[in-house]
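Here is the structure we will look at.
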Amino acid sequence: MIKEKEYIKSPLNYTGGKYKILSSIFPFFPKKINTFIDLFGGGFNVGINVNAKKIIYNDHMSYLKEMFSFFKEAETDFILKSIKGRISEFNLNEQNIEGYLNLRKKYNKSRDILDLFLLTCYSFNHQIRFNNNHEFNTPFGRNRSCFNSSIEQNLISFITNLKNKNIEFSSHDFSYIKNYEFKKNDFVYCDPPYLISNAAYNDGKRGFKNWTEKEDNELLKLLDSLNSKNIKFLLSNVFIHKGLKNNNLIEWSKNYNVKFIDKNYKNCNYHLKEKKSQTQEVIVYNY
């Protein structure tokens, strides 16, 4: 198992990434994985760190698929040179909102995938948001966000590992795996938008499909179907968040194994009790 200090961190830093809890969830992954399907790949913090013969990254936001595909195929030096050229061209820094808005305007005309990555570096909380015309509209992250040396090193390490691993990229609705031809030791990891979190990636304001109770129930039924076919899965989710409960998820999970991950990212046994903490984060698995 990879030690925590050796984990690769995605260069995308938006809310919802699982980097900080990799050491808590990886011990529960199967020891032998043929194909690893990261069904809601997002920033790819989980999938990039998995040891598997083949890794499938899937996310319904097609721009993420395009970005990671580009990172895998393009030369690292070219990527870094292009990024630093843009920073110089638009005088990007933590205070220059005009430069950020000019780059945002340019991206919304050209749809250059590297410009999108750079926008996320300078956007508020590194969020990725679009309007209904798929125009990037995240506000500027003044005095908070920039392309710094830490992101640069994360990017270099991330790109290196993308190139060294057998990774395929797709951009489908999660239901596509209904027709996937699974083989022995294939494993499905699910980190969907959390129904009760109301996070930025779950508010229906990113130009992509929102996550509602309908999608939540469809996913649980899909996981039941995988279980009936003896396909291993692990689901990351929350039972309780800021006083809200996902009662349907709690009831469904009783058919499987559940582990809590507390706010300090430590594992504890499954005892469903009311807690004063704002969030009860869990993993649910069928093996």
Qualifying residue in the range 245-254 (condition: farther than 27 Å from His172 by Cβ, in a strand (DSSP E or B) and modelled with pLDDT under 90)
no
For residues that are closer than 25 Å to Pro27 by Cβ, part of a strand (DSSP E or B) and of a type outside the set (S, T, N, Q), tally how many sit in the range 216-244.
8
Out of all the residues in the range 7-39, which are outside any loop (DSSP other than H, G, I, E, B), touching a residue at least 40 places away in the same chain (Cβ under 8 Å), surrounded by 17 or more Cβ atoms within 10 Å (Cβ to Cβ) and of a type in the set (A, V, I, L, M, F, W, C)?
Ile21, Ile25, Phe36, Ile37
Restricting attention to the range 53-76, does a residue exist that is open to solvent by 60 Å² or more (accessible area, probe 1.4 Å) and either touching a Pro at 6+ places or on another chain (Cβ under 9 Å) or farther than 27 Å from Leu116 by Cα (or both)?
yes
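Tally up the residues in the range 44-60 that are out of contact with any strand residue (DSSP E or B) (no Cβ under 9 Å at 6 or more places or on another chain) and either at positive phi or at pLDDT below 95 (or both), please. Spell out how you get there, then give the answer.
As a first pass, look at the range 44-60 and keep what is out of contact with any strand residue (DSSP E or B) (no Cβ under 9 Å at 6 or more places or on another chain): 45, 49, 60.
When the remaining residues are screened for being either at positive phi or at pLDDT below 95 (or both), the result is 60.
Of the residues in the range 44-60, 1 are out of contact with any strand residue (DSSP E or B) (no Cβ under 9 Å at 6 or more places or on another chain) and either at positive phi or at pLDDT below 95 (or both).
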Take the residues in the range 98-150 that are touching a Pro at 6+ places or on another chain (Cβ under 9 Å) and either open to solvent by 60 Å² or more (accessible area, probe 1.4 Å) or part of a strand (DSSP E or B) (or both); name whichever of them is farthest from Met67 (Cα to Cα).
Phe124
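Looking only at the range 77-96, which residues are assigned to a helix (DSSP H, G or I), of a type outside the set (D, E, K, R) and either in contact with a Cys (Cβ under 8 Å, 6 or more places away or on another chain) or surrounded by 15 or more Cβ atoms within 10 Å (Cβ to Cβ) (or both)?
Hits for the range 77-96 are Ile79, Ser82, Ile83, Ile87.
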The number of residues in the range 194-219 that are farther than 22 Å from Ser62 by Cα, buried (at least 20 other Cβ atoms within 10 Å of the Cβ) and at pLDDT 90 or above is 0
Out of Tyr14, Tyr19, report the one residue that is farther than 15 Å from Ser236 by Cβ and aromatic (Phe, Trp, Tyr).
Tyr14
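The values are calculated or read from the model by the stated rules, or taken from the named source; none is laboratory data. No experiment lies behind these values; they were computed from the predicted model shown. Neighbour counts are summed over all protein chains in view; Cβ atoms, including those assigned to glycine, are modelled from backbone coordinates with ideal geometry. With ligands, DNA and RNA removed, areas are computed over all heavy atoms of the protein, side chains included. Shrake-Rupley method; radii C 1.70, N 1.55, O 1.52, S 1.80 Å.
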